[in-house]
Amino acid sequence: MSATSTSATADKRRTAESSKPAGAKSLLTKDDCLEMFRQLYLARYFDVRLIKEKKRGRLRGTLYSSHNQEAIIVGSLFGLRPTDWISPIHRDMPCFFLKDARAGWRNPNRMGMSIQEVCCQVWGKAGSPGRARDNWSHIGDRDKRIMHSTSMLAGTIPVAAGVVYADRLNGGDAVCVTYNGEGSTAQGVFHEAVNFAAVHKLPVVTVIENNQWAYGTPVELEVPTKDVADRALGYGIPGYIADGQDVFDVYEKVMMAVEHGRSGKGPSIVECKTFRAYGHGDHDDDRANKYRSQKEIEHGRSRDPIAVCRKRLIELGYIGHKDTTAWPLAEGKNASDATNEDFPAEVVEYLTEGIEFALESPLPEAEEAGRWVFKENA
Ligand SMILES: Cc1ncc(C[n+]2csc(CCOP(=O)(O)OP(=O)(O)O)c2C)c(N)n1
Ligand SMILES: [Mg+2]
């Protein structure tokens, strides 16, 4: 297919979508919308607080910030069933505790990790899923239907395809949402996995967090098309495009993809357009115009997902312009400028409970290093 006809198809698809009446998002209640807003603050506060903890020297490990990308995490998780699978990667730490968070943040039976478990993982404590063996995000929980995250970009997609294939064979109707940066889509395994899922009509929803950068490589040197979603054309599957700054648009597009998969029609790609707020990780200082201009960063961060959501909630009449005590102005602030007063009290309390639990928890015993290595220690 020529480049012209590819973009013509994509334009038709976008036009058709924009003329459709609002779907899943029109069914969200006021409480749902406010809960999504609250979860955006929680994802942001997790990032802000960990950056601060690290600066204070209380924490080791690398932080891959999800600042400015929280709408993708919250919007994609919010409509899933507890029995659906997710497969987060390095930039999606909040996914681990926000999965099934609608069932109650502190509900021990929900199909997501507790904030205590996630904080123990970050602090390398005994009670953590990884028991201090590996990087923060390298965790999973089969019982909670969270696939184990790895650093092999796009390497989780074929596993996701296998997981939902097995579920189908067992009579289930679970969908798996996998998270990937746009850089991952240049991997050979991305093609193999999406192709396999398309051939076998497997319900794999591949969310692409297009934050314009893969480490120091700009998107135009990663992907030859304007929209990464156009990759879907080669597999004959839907390629949706969402405004990654708008939690309700992400929700809408991911729900379209989820329903497509659940009804047996196969996989989809959902490209969420966003911008990486900081360097690749906190070891990558991009503040000195090393490879991105200040102008580009300011433009990329000009639509903070918290501000976009607030504007929509005001339009809907769900909150007022002056409700900044219940819904403080966290938007537009870097971790270094943000304080606890910029976040709802319940968000600060919840994360503080997790952090205090982790700080008081013991480190694993030295003998633990051999656990899960030899069969006799299993
Ligand atoms: C197969 C593979 N190649 C290279 C790397 C090293 N690496 C880790 S993250 C990264 C950039 C990822 O960019 P992108 O997929 O856009 O995700 P982002 O970090 O922007 O969220 C690279 C090259 C890796 N982890 N796996
Ligand atoms: Mg990227």
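Observations on the model:
- FRET efficiency, S151 to L316 (Cβ-Cβ, R0 45 Å, nearest 0.05): 0.65
- Antiparallel content of DSSP bridges confined to segment 25-356, in %, to 5: 10
- For segment 103-169, the Kirkwood estimate of the hydrodynamic radius, built from every pair of different alpha carbons, is 13.2 Å.
- Solvent exposure ordering (accessible area, 1.4 Å, most first) of Y179, Y291, Y215: Y215, Y291, Y179
- Filtered trypsin sites (Lys or Arg not before Pro), segment 37-117: DSSP coil and at most 16 other beta carbons within 10 Å: R56, R58, R60, R106
- Using the Cβ-Cβ distance between Q294 and Y215 with R0 set to 22 Å, the FRET efficiency from 1/(1 + (r/R0)^6) comes to roughly 0.70.
- Axial C-alpha extent at least 27 Å, average Kyte-Doolittle at least -1.0 - helices from the chain (DSSP): 30-55
- Value at 222 nm in deg cm²/dmol, rounded to 500, when DSSP H runs of n ≥ 4 in the chain each add -39,500 (n - 2.57): -11500 deg cm²/dmol
- For A132, the residues whose amide H sits under 5 Å from its own are K125, ignoring neighbours fewer than 5 places away on the same chain, with H placed 1.01 Å from N.
- By a 1.4 Å probe calculation restricted to protein chains, H321 has an accessible surface near 150 Å², given to the nearest 10.
- Amide hydrogen proximity for G279: with H placed 1.01 Å from N in the peptide plane, the residues at 5 or more positions away or on another chain lying under 5 Å are D286.
- Measuring r between the beta carbons of D323 and K226 and using R0 = 41 Å, the FRET efficiency lands at 0.60.
- Exceeding the 20 Å Cα-Cα cut-off - candidates K25/K201; K30/K311; K226/K265; K273/K322; K25/K253: K25/K201; K226/K265; K273/K322
- Separation of the A132 and A103 label points, Cα + 7 Å toward Cβ, nm: 3.1
- Under 5 Å, built H, 5+ apart or other chain: amide partners of E222: none
- Along segment 57-63 the Karplus relation, 6.51 cos²θ - 1.76 cosθ + 1.60 evaluated at θ = phi - 60°, assigns HN-Hα couplings of x, 8, 8, 10, x, 9, 9 Hz to successive residues, with x for each Gly and Pro.
- With the convex hull drawn over the C-alpha atoms of the chain, the volume per residue is 150 Å³.
- Here the Karplus curve 6.51 cos²θ - 1.76 cosθ + 1.60, taken at θ = phi - 60°, turns the phi angles of segment 333-338 into couplings of 10, 6, 4, 5, 9, 7 Hz, with x standing for Gly and Pro.
- Under the combined filter of DSSP loop state and at most 12 neighbouring Cβ atoms within 10 Å, segment 125-226 retains these trypsin sites (Lys or Arg not before Pro): R142.
- Simple spin-label estimate for D284 and S336 in nanometres, 7 Å along Cα-Cβ: 2.0
The values are calculated or read from the model by the stated rules, or taken from the named source; none is laboratory data. Computed from a predicted model, the values in this text were never measured in an experiment. Positions of Cβ are generated from backbone atoms using ideal geometry, with glycine treated the same way; all protein chains shown enter the neighbour counts. Side chains included, ligands, DNA and RNA excluded: accessible areas come from the protein's heavy atoms. Shrake-Rupley method; radii C 1.70, N 1.55, O 1.52, S 1.80 Å.
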